[in-house]
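Participant: Quick one: the structure is below, and I'll ask about it shortly.
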Amino acid sequence: TCPAVTTGDLFVACSGSGETGTTCYQAEKAASHGATVLAVTAKAASRLGTVANHVLAMPTAPSEQLGNSRYEHVLLLTLDTLASLVAARVGASPEQVWRRRATLE
């Protein structure tokens, strides 16, 4: 489960196109509750980019991979790096981070 989003929270929304309906809706809802929205997208000039307070633009070249999945590969590496940096900044050990990991997998 996810706790309620409120003022002072950071909501990270990821969409290659920046137009994914559910992602945009959730970002808009988070913003309406006072959260800061970070969009991670290949298309900064998009619905998601418009609602976001901050945009991390990750344009990727066309790909021969199935489903043009280069964006998802870059996204995985970027978010893993950001999570590691945040954990280090707040002093969270790898064990503490692991305990907060999703339990529905």
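The values are calculated or read from the model by the stated rules, or taken from the named source; none is laboratory data. These numbers come from a predicted model, not from an experiment. We place every Cβ from the backbone using ideal geometry, glycine too, and count neighbours over all the protein chains shown. Note: areas computed on protein heavy atoms with side chains; ligands, DNA, RNA excluded. Shrake-Rupley method; radii C 1.70, N 1.55, O 1.52, S 1.80 Å.
Participant: Given the structure, is residue 48 without any contact (Cβ under 8 Å) to a residue 12 or more places away in the chain and either among the aliphatic types (A, V, I, L, M) or out of contact with any strand residue (DSSP E or B) (no Cβ under 6 Å at 6 or more places or on another chain) (or both)?
Facilitator: Details: without any contact (Cβ under 8 Å) to a residue 12 or more places away in the chain: no; either among the aliphatic types (A, V, I, L, M) or out of contact with any strand residue (DSSP E or B) (no Cβ under 6 Å at 6 or more places or on another chain) (or both): yes.
Taking the combined requirement at face value, the residue does not satisfy it.
Participant: Of everything in region 61-72, what is in contact with a helix residue (DSSP H, G or I) (Cβ under 9 Å, 6 or more places away or on another chain) and either open to solvent by less than 50 Å² (accessible area, probe 1.4 Å) or modelled with pLDDT of 95 or more (or both)? Give them in sequence order.
Facilitator: Listed by number, the list holds a single entry, 63.
Participant: I need every pair where a residue in region 54-73 that is farther than 15 Å from residue 19 by Cα has its Cβ under 8 Å from the Cβ of a residue that is open to solvent by 80 Å² or more (accessible area, probe 1.4 Å) and in a loop (DSSP other than H, G, I, E, B), sequence separation at least 6 or different chains.
Facilitator: Pairs found: 68/62.
Participant: Now, a different point. Restricting attention to helices (runs of 4 or more DSSP H) lying wholly within region 1-99, give those where 2 or more residues are among the basic types (Lys, Arg).
Facilitator: Working: elements: 21-32, 47-51, 70-90, 94-99.
In region 1-99, the matching helices (runs of 4 or more DSSP H) lie at 70-90.
Participant: Still on this structure, please answer the following. Just checking, does region 61-70 include any residue being of a type in the set (A, V, I, L, M) and in contact with a Lys or Arg (Cβ under 9 Å, 6 or more places away or on another chain)?
Facilitator: The initial filter retains those residues of region 61-70 that are of a type in the set (A, V, I, L, M), namely 61, 66.
Narrowing the set further to residues that are in contact with a Lys or Arg (Cβ under 9 Å, 6 or more places away or on another chain) leaves 61.
Yes, the conditions are met somewhere in region 61-70.
Participant: If you don't mind, there's one more thing I want to ask. Determine, yes or no, whether residue 75 is open to solvent by less than 100 Å² (accessible area, probe 1.4 Å), at pLDDT 90 or above and either touching a Leu at 6+ places or on another chain (Cβ under 8 Å) or among the aliphatic types (A, V, I, L, M) (or both).
Facilitator: Considered against the rule, which asks whether it is open to solvent by less than 100 Å² (accessible area, probe 1.4 Å), at pLDDT 90 or above and either touching a Leu at 6+ places or on another chain (Cβ under 8 Å) or among the aliphatic types (A, V, I, L, M) (or both), residue 75 comes out as yes.
Participant: If residue 32 meets every condition in (1) of a type in the set (S, T, N, Q); (2) modelled with pLDDT under 90; (3) open to solvent by 60 Å² or more (accessible area, probe 1.4 Å) apart from one, which number is that one?
Facilitator: (2)
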